[in-house]
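Notes follow once the structure below has been shown.
Please treat every number below as a calculation from the coordinates, not as lab data. Since the structure is predicted, the reported quantities are computational estimates derived from the model, not experimental observations. Counting neighbours? That spans all protein chains shown, and the Cβs are built from the backbone with ideal geometry, glycine included.
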Amino acid sequence: MAMRRVLAIVALLAASLPAKAQEKSITLSADPALEAAGLWDYALPRFKLKTGIRVQLADNPADVRISSGAGAPLFEDIASGTLYSVTLEQDGPYAIRFMDWLTSDIGQRTIAAFQVDDQPMFRPVAVGEVVEEAKLLGNATSGEALSLRKCGRCHVVGESNKYAGIGSTPSFAALRNLPDWRRRFSVFWTLAPHPSFTQIEGVTEPFDPAHPPAIFPIFLTPDEAADIGSYVETLETKDLGGPIRTN
């Protein structure tokens, strides 16, 4: 009888606790060619960085659909001339936020900035004029200072800390030479070893108290992360004597 009473009290207490907040997420159905090109690896983390909303690729039905069929014109494949449009399938607030972002100036600049082998792949059409020289958005001056302060203990960022960093860690100049450097800097906090010591405010999960960072952690806001990317945009590529190999 006593055990039943204890279990009843535990159940009552559990019921009175607030439910864990659900992750903000939506689903996206899109032409497989866009995923194969790598567009979503580049664009979706940037949307989550700004909004905290995760977009998961899925087959129909989905919250938002992007296809070469009917819908609001979004962007054009430069090589094939295929026009892609976006359709809101479910009118939830997160889906609406994603569609608004896609058709906004920031979303369109993100699409225009996506490149493969330093060549733009898509021409945005939802905003009045095609964006020229689209770049990672942020403040490059602030990004340089942040890079030196937050990243300089491991990376050679530039001339001002060319004798610092860790020998086994690639410099910013070396990373800038990689064909997918924009994607890397857009989501660097998701790439090893960064998740173990890097937090982006409102985006990443808190550190596990049972496994605290082994080194002093790095804390950044979404805007600061974008500033770092903008600074890297200003760096010139260098002839390193041969192709860079990565794992």
Checklist entry - According to a simple spin-label model (label point 7 Å from Cα along Cα-to-Cβ), what is the distance in nm between L57 and A72? => result 2.3
Checklist outcome for this item: Here the range 161-171 yields Karplus 3J(HN,Hα) values (6.51, -1.76, 1.60; θ = phi - 60°; whole Hz; Gly and Pro given as x) of 9, 5, 9, 9, x, 10, x, 7, 9, x, 6
Item to check | Karplus-derived 3J(HN,Hα), 6.51/-1.76/1.60, for each residue of the range 39-53, Hz, glycine and proline x | outcome: 4, 6, 4, 8, 7, 5, x, 5, 5, 5, 4, 7, 10, x, 9
Checklist entry - What ranking, highest mean first, results for peptides 88-100, 197-209 when packing means the other Cβ atoms within 10 Å averaged over each residue? => result 88-100, 197-209
Checklist entry - Amide H to amide H, which residues 5 or more places from R54 or on other chains are under 5 Å from it, using H placed in the peptide plane? => result K24, S25, I26
Item to check | DSSP-loop trypsin sites (Lys or Arg not before Pro) across the range 140-202, with at most 11 other Cβ within 10 angstrom | outcome: K162
Checklist entry - Residues with amide H under 5 Å of I218's amide H, sequence separation 5 or more or different chain, H placed in the peptide plane at 1.01 Å from N; which? => result T198, Q199
Checklist outcome for this item: Residue by residue through the range 199-206, the couplings from Karplus 6.51 cos²θ - 1.76 cosθ + 1.60 with θ = phi - 60°, in Hz, x for Gly and Pro, are 10, 10, 3, x, 10, 8, 6, x
Item to check | Cα-Cα separations in the range 24-176 greater than 29 Å, expressed as whole percent | outcome: 29
Item to check | Order by protection proxy (mean Cβ within 10 Å, highest first), peptides 109-115, 219-225 | outcome: 109-115, 219-225
